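The values are calculated or read from the model by the stated rules, or taken from the named source; none is laboratory data. All of these numbers come straight from a predicted model, not from anything done at the bench. We place every Cβ from the backbone using ideal geometry, glycine too, and count neighbours over all the protein chains shown. Only protein heavy atoms, including side chains, enter the accessible area calculation; ligands, DNA and RNA are left aside. Shrake-Rupley method; radii C 1.70, N 1.55, O 1.52, S 1.80 Å.
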Amino acid sequence: MTIDEKKMDYYKERAEMYVGEDVSPDFYAWVFPKYDHVAVGTGTVIDKKGIQRYQQGIRDRAAPRIEGGEIIRVEAHPIPEHPRPWRTKGRCTLIGDAAGYVTKCSGEGIYFAGKSGFMCAEEVVRASENGTRMIDENDLKVYIRKFDEQYGPTYIVLDALQKVFYTSDAARESFVELCEEEYVQKVTFDSYLYKTVQGNNPMGDLKLGWKTLTSLWNYNKNPPPAMRKLEVA
């Protein structure tokens with residue numbers, strides 16, 4: 001969407017994430033800048049028929065920020081969040097989106113697409129002895145094993161987080177509350193930066209675990225708080 005210059009200034013160094021049943025049943029929605037316009041969208045993997053409703057939901061929720069804007073393009077693509085059970089067959093192997101390497105919870109895929117391609121190419125060069133022998137399926141499986149060993153825990157943790165926090169509005173409220181914790185912000189930033197699960201502070205992990213359980217309990221047992229209204233940018 002194109003929005004006026006004053007509203008565009010608000011997004012110069014800012015991106016927004018929205019959660020709630022009105023914008024996505026299992027993921028999140030967003031508004032972020034793209035050169036001279038903003039991307040306003042939502043992600044979901046289970047409700048193809050309802051995507052227009054969720055698209056309208058994020059436009060309604062972000063209305064104070066994008067009011068008066070013009071929709072210049074509408075597009076939708078499936079999110080390949082599920083690693084394929086078979087990624088190698090014969091002398092063919094999958095990388096990137098084709099292999100289902102988009103992470104749960106965050107929806108990141110660009111890094112893992114590039115990294116899987118690089119790791120696969122390295123194994124092809126190594127196994128072919130610089131092109132002097134023909135590689136086979138077992139050679140390509142080495143790349144799969146190395147990729148899974150390095151990044152498998154990241155996919156497992158993010159899958160668990162999505163299943164815990166993106167399943168109900170109560171869980172999403174808990175998720176937002178936990179994100180205010182400095183320790184959560186640090187672990188999240190480091191994990192995103194280094195692409196592997198961080199958090200080597202046992203005491204911090206223990207405190208976070210306890211707060212997560214109590215937060216989920218409180219939001220599931222008490223009426224949800226009123227939705228906060230966005231201020232006009």
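Annotation: of all residues in the stretch 46-62 being open to solvent by 90 Å² or more (accessible area, probe 1.4 Å) and part of a helix (DSSP H, G or I), the one that is farthest from SER116 (Cα to Cα) is ASP60. Say whether the condition of being part of a helix (DSSP H, G or I) and buried (at least 17 other Cβ atoms within 10 Å of the Cβ) is met by at least one residue in the stretch 63-82. Checked the stretch 63-82: at least one residue is part of a helix (DSSP H, G or I) and buried (at least 17 other Cβ atoms within 10 Å of the Cβ).
Of the residues VAL157, VAL176, the single one that is free of Cβ contacts under 8 Å to residues at least 60 places away in the same chain and either open to solvent by 30 Å² or more (accessible area, probe 1.4 Å) or among the aromatic types (Phe, Trp, Tyr) (or both) is VAL157.
Give the residues of the stretch 135-154 that are open to solvent by 30 Å² or more (accessible area, probe 1.4 Å) and in contact (Cβ under 8 Å) with a residue 24 or more places away in the chain, sorted by residue number. Of everything in the stretch 135-154, those that are open to solvent by 30 Å² or more (accessible area, probe 1.4 Å) and in contact (Cβ under 8 Å) with a residue 24 or more places away in the chain turn out to be ASP136, GLU137, LYS141, LYS146, GLN150, PRO153.
I'm checking my understanding of the structure. Among residues of the stretch 10-45 that are small (Gly, Ala, Ser) and assigned to a loop (DSSP other than H, G, I, E, B), which one is surrounded by the fewest Cβ atoms within 10 Å (Cβ to Cβ)?
Of the stretch 10-45, the ones small (Gly, Ala, Ser) are 15, 20, 24, 29, 39, 41, 43.
From what is left, the residues that are assigned to a loop (DSSP other than H, G, I, E, B) are 15, 20, 24, 43.
Details: ALA15: 11, GLY20: 19, SER24: 26, GLY43: 20.
If we take residues in the stretch 10-45 being small (Gly, Ala, Ser) and assigned to a loop (DSSP other than H, G, I, E, B), then ALA15 is surrounded by the fewest Cβ atoms within 10 Å (Cβ to Cβ).
The test for being at pLDDT 95 or above, open to solvent by 40 Å² or more (accessible area, probe 1.4 Å) and within 30 Å of GLY199 (Cβ to Cβ) holds for ILE95. Residues that are surrounded by fewer than 11 Cβ atoms within 10 Å (Cβ to Cβ) and without any contact (Cβ under 8 Å) to a residue 40 or more places away in the chain within the stretch 215-228 comprise LYS221, ASN222, PRO223, ALA226, ARG228, listed in sequence order.
A residue that is among the hydroxyl-bearing types (Ser, Thr, Tyr) and at pLDDT below 95 can be found somewhere in the stretch 19-32. On inspection, GLU5 fails the criterion of being more than 17 Å from VAL232 (Cβ to Cβ) and either surrounded by fewer than 19 Cβ atoms within 10 Å (Cβ to Cβ) or not charged (D, E, K, R) (or both). Within the stretch 45-90, the residues that satisfy the criterion of being under 20 Å from TYR18 (Cβ atoms), in contact with a helix residue (DSSP H, G or I) (Cβ under 9 Å, 6 or more places away or on another chain) and of a type in the set (Lys, Arg) are ARG59, ARG65. Sub-8 Å Cβ pairs linking a first residue in the stretch 100-122 that is touching a residue at least 60 places away in the same chain (Cβ under 8 Å) and under 12 Å from TYR155 (Cβ atoms) to a second residue that is open to solvent by 30 Å² or more (accessible area, probe 1.4 Å) and part of a helix (DSSP H, G or I), at least 6 apart or interchain, are CYS105/LEU158; CYS105/ASP159; CYS105/LEU161; SER106/LEU158; SER106/TYR192; GLU108/TYR192, ordered by first then second residue.
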